[in-house]
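Heads up: the structure comes next, in structure tokens.
The values are calculated or read from the model by the stated rules, or taken from the named source; none is laboratory data. Remember, it's a predicted structure, so these values are computed and weren't measured experimentally. Every residue, glycine as well, gets a Cβ built from its backbone with ideal geometry; the counts of neighbours run over all protein chains shown.
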Amino acid sequence: MSRETIVLGAGMIGVSIAWHLARRGRSVLLVDRQRPGRETSFGNGGLIQREAVRPYPFPRELSKLLDVLPNRRADIRYSLRGMVKAAGPLFAYWRHSAPRQHARIIPEYASLITLCTQEHAEMFTAAGAEDLIKKQGWLEVYRSRAGLDARAAEAQDAAERFGVTHELLDAAGLRDREPQLADGPAGAIHWTNAWGAVDPGALVAAYAEAFEREGGRFLQAEVSGMRQAGQGWRVDTDAGVHEAQEIVVALGPWAGDWLKPLGYRLPAFVKRGYHMHYGAEAGRRLHHWLLDAEVGYILAPMRAGIRLTTGAELEPRDAPPRSGQLDAAEAEARRLYPGLGERLDPEPWKGARPCLPDMKPVIGPAPRHDGLWFAFGHGHQGFTLGPVTGRVLAEMMEGEEPVVDMTPFRADRF
Ligand SMILES: Cc1cc2nc3c(=O)[nH]c(=O)nc-3n(C[C@H](O)[C@H](O)[C@H](O)COP(=O)(O)OP(=O)(O)OC[C@H]3O[C@@H](n4cnc5c(N)ncnc54)[C@H](O)[C@@H]3O)c2cc1C
């Protein structure tokens, strides 16, 4: 059983970990009930967010909270049930979002984010998946001058402290980049060292194939149990029992389900989100990924069409979908980009961002079990952070000094 490792979950996080471990010579079994990259890592905005050094705080200003209350905004929606179910973690999230706490979290979060493009580049080169990546940056569009000015100050700070590059565009500069947008926005920040994937699920699948070329094995099976057995671990699945010396829990929004039986009470919660693909009217193409920042949705020119992704919905993970948030975002998107065509999918896609209250993932050893490792809770940037997470977790598991100080990401911080 020496160095035998089972990675549970084949989203962007689990696949990246499995690839890094296999490259280091481990015998790795990657398990998922679906093909790799078919859940949260499939439906996201596809941005590799080199600029995202400031994790999203919970709104603190009274004016914003009052604005959210009627539940009509596109960026945040909630249900009473969702708020009550996640009341503890949401209250902790609100506390961690206070300016002083948030300022402390930024450099910790940035320590991972700054490595995101270099680590993706290593993986997509090995996977031969360069054609899935666009390196043109993305546009954060502001309708108001005040919003643009405030964000420009943050962009300057991110440039000086964390090497994030950007261009500040006024209305004419924005029109130059995207001639099909309606008049009105004050301008945009063009984040120039961020990238986008034109088919996020296909990128994860390509990384999984690269993992298999390194000698790794993928098993499509539903995990139904995990427990310590002898010197290692036993994982029960609907395709048999598998044993290994070490296991990694990379189950994204489902990770929490498996922690309680092991005696861990981590304050995990989810922010749900939707996507829909649209056509574009002839001759009215969209060239860049674009965030309508003060409204709160993304338009992403992908292979399958223009993908609109919504902001956060505070609902229990498995509650039925609601259409209001996507409808509201679509109406705003048609005003900003009149070239947006018809809906292309029969139903909106729904997923759930796996979150923790201090906006940072958990990456590292389980505090009370030998051979058990955690990697989940990557919130809004799990697609961005997969390859970095794979690298640092593999370094820890191999007893190497991780490239980043991993103290801020330990599970026992809660
Ligand atoms: C609308 C939206 C837009 C987003 N946009 C971006 C973006 O532009 N950039 C960015 O960086 N991030 C973005 N994110 C966040 C990002 O998608 C997530 O953080 C990331 O995909 C999480 O990856 P993961 O591997 O942890 O989880 P997942 O991709 O969900 O993988 C977990 C896997 O566990 C498997 N699993 C669960 N239970 C079991 C079981 N019992 N047995 C077997 N397998 C099981 C699932 O099938 C799944 O494949 C967005 C998220 C949403 C919802």
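Looking only at region 24-63, count how many residues are part of a helix (DSSP H, G or I) and over 24 Å from the mean Cα position of the chain (by Cα). Before you say what the answer is, go through the steps one by one.
Our first condition is that a residue be part of a helix (DSSP H, G or I); within region 24-63, this holds for 40-43, 62-63.
With the extra rule that they be over 24 Å from the mean Cα position of the chain (by Cα), the set shrinks to 62-63.
Result for region 24-63: 2.
State yes or no: is P70 surrounded by fewer than 24 Cβ atoms within 10 Å (Cβ to Cβ), farther than 30 Å from H242 by Cα, modelled with pLDDT under 95 and touching a helix residue (DSSP H, G or I) at 6+ places or on another chain (Cβ under 8 Å)?
Working: surrounded by fewer than 24 Cβ atoms within 10 Å (Cβ to Cβ): yes; farther than 30 Å from H242 by Cα: yes; modelled with pLDDT under 95: yes; touching a helix residue (DSSP H, G or I) at 6+ places or on another chain (Cβ under 8 Å): no.
Taking the combined requirement at face value, the residue does not satisfy it.
Go through region 269-310 and give me each residue that's assigned to a loop (DSSP other than H, G, I, E, B) and within 12 Å of the ligand (Cβ to nearest atom). First the steps, then the outcome.
Taking region 269-310 first, the residues assigned to a loop (DSSP other than H, G, I, E, B) are 281-288, 293-296, 303-304.
Hit for region 269-310 is G296, nothing else.
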Check: What are the residue pairs meeting all of these: first residue in region 165-191, first residue closer than 21 Å to R334 by Cα, second residue among the β-branched types (V, I, T) and crowded, with 16+ Cβ neighbours inside 10 Å, Cβ atoms under 7 Å, and 6 or more apart or on different chains?
Finding: L174/V141; P185/V141; A188/V141
Check: For R104, which of the numbered conditions (1) within 16 Å of the ligand (Cβ to nearest atom); (2) farther than 22 Å from P301 by Cα fails to hold?
Finding: (1)
Next item on the list: Determine whether Q231 is at pLDDT below 95 and farther than 30 Å from W195 by Cβ.
Entry: yes
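Hey, could you check region 325-374 for residues that are on the phi > 0 side of the Ramachandran plot and not hydrophobic (A, V, I, L, M, F, W, C) and say which is surrounded by the fewest Cβ atoms within 10 Å (Cβ to Cβ)? So that I can check it myself, show each step before the final result.
As a first pass, look at region 325-374 and keep what is on the phi > 0 side of the Ramachandran plot: 359, 364, 371.
From what's left, not hydrophobic (A, V, I, L, M, F, W, C): 364, 371.
On the way: G364: 21, G371: 17.
The qualifying residue surrounded by the fewest Cβ atoms within 10 Å (Cβ to Cβ) is G371.
Here is a check on your reading of the model: is L90 in contact (Cβ under 8 Å) with a residue 60 or more places away in the chain and within 30 Å of M226 (Cβ to Cβ)?
Working: in contact (Cβ under 8 Å) with a residue 60 or more places away in the chain: yes; within 30 Å of M226 (Cβ to Cβ): yes.
Spelling it out, L90 is indeed in contact (Cβ under 8 Å) with a residue 60 or more places away in the chain and within 30 Å of M226 (Cβ to Cβ).
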Next item on the list: For I6, work out the one condition from (1) under 22 Å from G311 (Cβ atoms); (2) within 16 Å of the ligand (Cβ to nearest atom) it doesn't fulfil.
Entry: (1)
Item checked: Members of region 108-134 that are among the hydrophobic types (A, V, I, L, M, F, W, C) and outside any helix (DSSP H, G or I) -> L115, A129, I133
Notebook entry, point to check: Mind checking which residues of region 286-311 are in contact with a Phe, Trp or Tyr (Cβ under 8 Å, 6 or more places away or on another chain), within 22 Å of L148 (Cα to Cα) and surrounded by fewer than 22 Cβ atoms within 10 Å (Cβ to Cβ)?
Noted result: L286, H288, A293, E294
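Residue under question is E313, and the condition is that it be outside any helix (DSSP H, G or I) and under 19 Å from the mean Cα position of the chain (by Cα); does it hold? Working first, answer last.
Values: outside any helix (DSSP H, G or I): yes; under 19 Å from the mean Cα position of the chain (by Cα): yes.
When the stated conditions are applied, E313 passes them.
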Check: Within region 261-310, which residues are under 18 Å from the mean Cα position of the chain (by Cα), over 17 Å from G46 (Cβ atoms) and small (G, A, S)?
Finding: A268, A293, G296
Next item on the list: Could you figure out which of (1) closer than 21 Å to M12 by Cβ; (2) within 11 Å of the ligand (Cβ to nearest atom); (3) in contact (Cβ under 8 Å) with a residue 40 or more places away in the chain; (4) outside the structural domain of G14 (by TED's automatic domain parsing) isn't true of Q325?
Entry: (1)
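So that you can scan it fast, the table gives a plain yes or no per residue for (1) among the basic types (K, R); (2) away from the ligand (no atom under 16 Å from the Cβ); (3) in contact (Cβ under 8 Å) with a residue 12 or more places away in the chain:
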residue: V31; (1), (2), (3): no, no, yes
residue: P36; (1), (2), (3): no, no, yes
residue: L69; (1), (2), (3): no, yes, no
residue: R77; (1), (2), (3): yes, no, yes
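Can you name the residue in region 206-226 that is part of a strand (DSSP E or B) and without any contact (Cβ under 8 Å) to a residue 40 or more places away in the chain and, of all such residues, is surrounded by the fewest Cβ atoms within 10 Å (Cβ to Cβ)? Outline the logic, then answer.
Taking region 206-226 first, the residues part of a strand (DSSP E or B) are 217-220, 223-226.
From what is left, the residues that are without any contact (Cβ under 8 Å) to a residue 40 or more places away in the chain are 224-225.
Details: S224: 9, G225: 11.
Across region 206-226, the extreme among qualifying residues is S224.
With more than 16 Å from the ligand (Cβ to nearest atom), over 30 Å from I306 (Cβ atoms), touching a residue at least 12 places away in the same chain (Cβ under 8 Å) and surrounded by fewer than 23 Cβ atoms within 10 Å (Cβ to Cβ) as the only criterion, which of A229, A244 stands out?
Numbers: A244 fails: more than 16 Å from the ligand (Cβ to nearest atom).
Checking each option against the conditions leaves just A229.
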Checklist line | Candidate set: region 373-410, residues that are under 18 Å from E246 (Cα atoms) and of a type in the set (A, V, I, L, M); chosen: the one nearest to the ligand (Cβ to nearest atom) | finding: A375
